[in-house]
Amino acid sequence: MNDHSSSKRGYRGYSLFPLLSTASALTMLFTVPVFSASPIKSRPSLQLTHNIQPDRAKDWGQRVSETSFGSYVIGNPDAPVKLLEYLSLTCPHCAELTRESLQPLMHHYISKGLVSLEIRHAVRDAFDATATLLVRCGDRQHYIDRVEQIFNNQNRWMDSAIEFSQKQAKVRDNISYEAFFQKAATDTGLIEMMKPVGLTSDQSLLCLKDPVALDLLKRQSVEIIEKSKIPGTPYLLLNGRPITDSRTKPDWAIIDSKIKAALQKKN
């Protein structure tokens with residue numbers, strides 16, 4: 001199993017592959033290596049220390065809205081603290097961070113209307129594109145559940161993706177993108193993985209050949225690569241400012257402290 005952990009020289013995230021910027025660039029997706037995830041870490045306990053009163057009239061964690069960019073925002077769109085995360089579904093650091101931080105973030109901040117979380121997919125390989133089409137498929141209310149499902153099972157399905165990639169190496173130029181996405185999702189177990197989080201097999205297969213969804217993914221990737229110019233994934237902005245520099249691996253302790261400081265400034 002491949003483990004692409006941070007080097008001793010410092011965390012630099014997972015670099016983005018320059019895909020989808022031209023009509024032929026999607027073909028390059030199929031040549032990008034895939035990775036497996038880091039071990040699951042335990043989630044730390046935390047105490048709220050800010051004074052802003054949460055909105056207890058509703059659970060904002062159930063609210064999912066779409067931005068003009070086409071990304072999804074979980075939580076109160078008018079929250080005083082806005083967290084933006086660029087992630088890749090094949091990035092092990094992204095999986096590790098999500099497993100460590102999503103539940104405390106949802107419970108202590110998002111559900112109370114204090115923080116919103118916007119996720120933008122920095123797609124970096126063909127399997128990432130396949131998984132991204134699936135998590136964005138169907139009812140958006142289950143979107144974050146699908147992201148969590150993908151990351152919680154990343155080791156298993158990425159190992160299958162490596163095997164699939166090796167088998168397809170000789171025939172990949174003779175398969176359409178839609179057929180590749182469908183076959184990859186079936187053979188790696190992604191189709192089955194989506195069933196507990198609201199997608200039937202037929203729904204998943206339809207989404208994987210949806211030209212509108214694929215076109216949106218292309219346009220978002222061009223925007224992220226050519227304009228946002230993020231250094232790698234995961235990359236997080238809090239109220240428009242990077243949470244860490246490119247040498248520091250983000251974790252829940254850092255995110256939590258930054259959120260608390262931002263909330264205190266709002267008082």
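Since every read-out is calculated from the coordinates, none of them should be taken as a lab result. Bear in mind that the values here come from a model prediction, so they are computed numbers and not experimental data. Cβ sites come from the backbone with ideal geometry, for glycine too, and all protein chains shown count toward neighbours.
Annotations
- Neighbourhood charge, 15 Å Cβ-Cβ cut-off, centred on Gly138 and excluding it, Lys, Arg +1 and Asp, Glu -1: 0
- Divide the volume of the convex hull around the Cα atoms of the range 59-266 by the residue count and you get 119 Å³ per residue.
- If you take all other residues with their beta carbon under 11 Å from the beta carbon of Thr90, and give Lys and Arg +1 and Asp and Glu -1, the sum is -1.
- Looking at the range 160-264, the trypsin sites (Lys or Arg not before Pro) that sit in a DSSP loop and have at most 16 other Cβ atoms within 10 Å of their own Cβ are Lys170, Lys209, Lys229, Arg247.
- Taking other Cβ atoms within 10 Å as a rough exposure proxy, Trp60, Trp157 sort from fewest to most as Trp60, Trp157.
- Sorted fewest first by neighbouring Cβ atoms within 10 angstrom, His93, His108 come out as His108, His93.
- Order of Arg156, Arg136 - criterion: other Cβ atoms within 10 Å of each residue's Cβ, fewest first: Arg156, Arg136
- Annotation: lysines with alpha-carbon distance below 19 angstrom to Lys82 (same-chain offsets under eight excluded): Lys58, Lys112, Lys258, Lys260, Lys265, Lys266.
- Simple point charges give the picture: +1 on the Cβ of Lys and Arg, -1 on the Cβ of Asp and Glu, and for the range 59-266 a dipole about the Cα centre of about 580 debye.
- Given their separation in residues at 0.36 nm each and the Cα-Cα distance between them, Asp210 and Glu192 gain 4.6 nm when the chain is fully extended.
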